[in-house]
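Structure first, commentary second.
The values are calculated or read from the model by the stated rules, or taken from the named source; none is laboratory data. Predicted, not measured: the structure shown is a model, and the values here were computed from it. Backbone-built Cβ (ideal geometry, glycine too); neighbour counts: all protein chains shown.
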Amino acid sequence: MITIIGAGAAGNYAAYLLAKQGFDVQVFEANSSIGKPVACTGILTSHFDTLIEMKKELIANEISSSRIVSPDGSAVKINFRKPNKILHRHMLDQHVARMAIEEGAKYYTSHVYLENRNGKARIRNLKTEEEFETEYSMLIGADGPASKVAKNNGMYGNRTLYLGLQATAKHDNDNVIDFYPGEQGIAWVVPESGSTVRIGVASTTGISDYFNTFCKKIMGEEYSEKIIEKQAGPIPLYKPDIKTSKEDVYLVGDSATMVKATTLGGVMQSHLAAKALARSIIERKDYENEWRKVIGRDLWLHLMMRKAMDKFKEKDYNYLVNIFKKDSNRKILEENDRDFPTKFMLKLALSEPGLALFSRFLI
């Protein structure tokens with residue numbers, strides 16, 4: 001029996017792929033409903049279509065361009081080769097969970113993982129408070145940034161966690177994704193429709209003040225009256241030396257810090273890592289090698305960019321946006337998928353000598 005803790009992006013996709021190959025799979029989810037509460041903006045690039053067929057009901061919106069807005073208000077607009085999809089995030093998790101169930105996986109909501117020892121995981125049913133043990137041949141931790149599976153098995157390490165705070169709000173827009181990088185963190189406005197947006201911020205400190213200030217800037221002093229609902233949650237900073245396997249225990253997705261450090265998105269990476277994990281189990285390959293071959297170099301490059309950006313002042317962000325305004329540089333960004341910077345960063349660095357000035361921030 002393969003036991004998966006967490007029915008999020010990574011856990012559900014791993015459950016589906018493994019159950020499809022005939023493995024006995026059970027998934028324990030602490031929340032009473034799969035996919036809720038939502039703690040994700042839900043932007044996906046077109047590469048995701050190679051993993052899962054996207055049904056229309058899962059998609060809230062499709063967007064063909066984004067803007068990167070500097071602190072001085074200057075902006076560069078990037079047109080996507082193919083539209084980005086804005087998901088109904090909880091519906092994606094529920095959809096993939098149904099796919100796994102159809103292949104034979106068993107799901108248990110309102111069940112929280114407590115510990116594991118000697119091939120047995122201890123679980124508590126939150127509805128009845130009953131505790132029980134279940135045997136496993138493999139235990140997969142897909143239980144989020146503060147993974148208890150990682151902590152209980154000596155795989156957590158020293159982690160940096162951002163906090164994301166987001167709201168769905170009424171706000172007229174031009175159907176363009178806006179990113180606002182700055183000294184405090186990163187902020188965004190993502191259209192759900194022509195009159196509704198997902199607006200949020202992520203930072204390691206002062207999240208409430210950051211959110212309030214940003215919302216007032218975008219929506220005005222009375223912004224709170226426009227808010228439909230709020231979401232919040234921790235986001236891990238990628239840890240390159242993360243240990244993701246130990247005997248019969250594996251970590252995947254957010255529990256393994258597999259998140260892009262530049263934008264703090266990780267839905268794509270969670271699915272790619274789950275696919276690598278399933279392949280390593282099915283084909284008896286080394287999981288560490290498999291996922292690092294697929295996403296390791298890109299996650300590392302995102303992290304290096306984040307480390308440099310964390311040292312930026314406002315003038316540096318202003319200068320960077322101006323660099324990307326050049327037609328040749330903007331074209332490189334438009335022709336490539338931002339999930340995979342290793343495919344275009346060298347080309348960009350060679351075409352733009354001005355980027356060399358930022359190398360000092362990596363020292």
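Just name the residue that is surrounded by the most Cβ atoms within 10 Å (Cβ to Cβ) out of those in the range 295-327 that are of a type in the set (Asp, Glu) and in a helix (DSSP H, G or I).
Applying the first criterion (of a type in the set (Asp, Glu)) to the range 295-327 yields 298, 310, 314, 316, 327.
Pick out the ones that are also in a helix (DSSP H, G or I) and you get 298, 314, 316, 327.
Values: Asp298: 21, Glu314: 12, Asp316: 19, Asp327: 6.
Checking each candidate, the answer is Asp298.
Before we move on, is Ala97 assigned by TED's automatic domain parsing to the domain that holds Asp24, closer than 23 Å to Ile235 by Cβ and among the small types (Gly, Ala, Ser)? Here the answer is yes, as Ala97 does meet what is asked.
Might you check whether a residue that is surrounded by fewer than 16 Cβ atoms within 10 Å (Cβ to Cβ) and free of Cβ contacts under 8 Å to residues at least 12 places away in the same chain occurs anywhere in the range 136-146?
Let us first name the residues in the range 136-146 that are surrounded by fewer than 16 Cβ atoms within 10 Å (Cβ to Cβ), namely 137, 146.
Narrowing further to those that are free of Cβ contacts under 8 Å to residues at least 12 places away in the same chain: none.
No, the range 136-146 contains no residue that is surrounded by fewer than 16 Cβ atoms within 10 Å (Cβ to Cβ) and free of Cβ contacts under 8 Å to residues at least 12 places away in the same chain.
Identify, by number, the condition in (1) out of contact with any helix residue (DSSP H, G or I) (no Cβ under 7 Å at 6 or more places or on another chain); (2) in contact (Cβ under 8 Å) with a residue 24 or more places away in the chain; (3) part of a helix (DSSP H, G or I) that Asp209 doesn't meet. Every listed condition holds for Asp209 apart from (2).
Looking at the range 181-210 only, could you name the residues that are aromatic (Phe, Trp, Tyr) and more than 18 Å from the chain's Cα centre (by Cα)?
The one that is aromatic (Phe, Trp, Tyr) and more than 18 Å from the chain's Cα centre (by Cα): Tyr210.
Where strands (runs of 3 or more DSSP E) fall entirely within the range 1-83, those with at least 2 residues that are among the charged types (D, E, K, R) are at 59-69. Would you confirm whether any residue within the range 252-266 is at pLDDT below 95, in the same structural domain as Gly8 (by TED's automatic domain parsing), hydrophobic (A, V, I, L, M, F, W, C) and over 20 Å from Thr204 (Cα atoms)? No, the range 252-266 has no match at all.
Residues checked against (1) closer than 18 Å to Thr262 by Cβ; (2) at pLDDT 75 or above; (3) in contact with a strand residue (DSSP E or B) (Cβ under 6 Å, 6 or more places away or on another chain); (4) polar (S, T, N, Q):
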| residue | (1), (2), (3), (4) |
| --- | --- |
| Lys307 | yes, yes, no, no |
| Asp310 | yes, yes, no, no |
| Ile323 | yes, yes, no, no |
| Lys326 | no, yes, no, no |
| Lys347 | yes, no, no, no |
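The numbered conditions (1) exposed (fewer than 15 other Cβ atoms within 10 Å of the Cβ); (2) more than 25 Å from Val149 (Cα to Cα); (3) under 19 Å from the mean Cα position of the chain (by Cα) are all true for Pro37 except (2).
Please determine whether any residue of the range 86-103 is within 30 Å of Lys331 (Cβ to Cβ) and free of Cβ contacts under 8 Å to residues at least 40 places away in the same chain. Checking the range 86-103: not a single residue is within 30 Å of Lys331 (Cβ to Cβ) and free of Cβ contacts under 8 Å to residues at least 40 places away in the same chain.
Taking the range 124-191 as the region of interest, the strands (runs of 3 or more DSSP E) fully inside it that hold 1 or more residues being small (Gly, Ala, Ser) and in contact with a helix residue (DSSP H, G or I) (Cβ under 6 Å, 6 or more places away or on another chain) are 138-141, 161-170, 186-191.
Being over 21 Å from Ala97 (Cα atoms), part of a helix (DSSP H, G or I), in contact (Cβ under 8 Å) with a residue 12 or more places away in the chain and touching a strand residue (DSSP E or B) at 6+ places or on another chain (Cβ under 9 Å): is that true of Glu290 here? Walk me through it before giving the result.
Details: over 21 Å from Ala97 (Cα atoms): yes; part of a helix (DSSP H, G or I): yes; in contact (Cβ under 8 Å) with a residue 12 or more places away in the chain: yes; touching a strand residue (DSSP E or B) at 6+ places or on another chain (Cβ under 9 Å): no.
Here the answer is no, as Glu290 does not meet what is asked.
Within the range 228-286, being under 14 Å from Ala142 (Cβ atoms), in contact with a Lys or Arg (Cβ under 7 Å, 6 or more places away or on another chain) and part of a helix (DSSP H, G or I) holds for one residue alone: Gln269. Scanning the range 92-123 for residues that are under 28 Å from the mean Cα position of the chain (by Cα) and in a loop (DSSP other than H, G, I, E, B) yields Glu103, Gly104, Ala105, Ser110. When the range 26-68 is filtered for residues that are of a type in the set (Phe, Trp, Tyr) and modelled with pLDDT of 90 or more, only Phe28 remains. Applying the selection to the range 91-131, what residues are out of contact with any Gly (no Cβ under 8 Å at 6 or more places or on another chain) and polar (S, T, N, Q)? Matches in the range 91-131: Thr109, Ser110, Asn116, Asn118, Asn125, Thr128.
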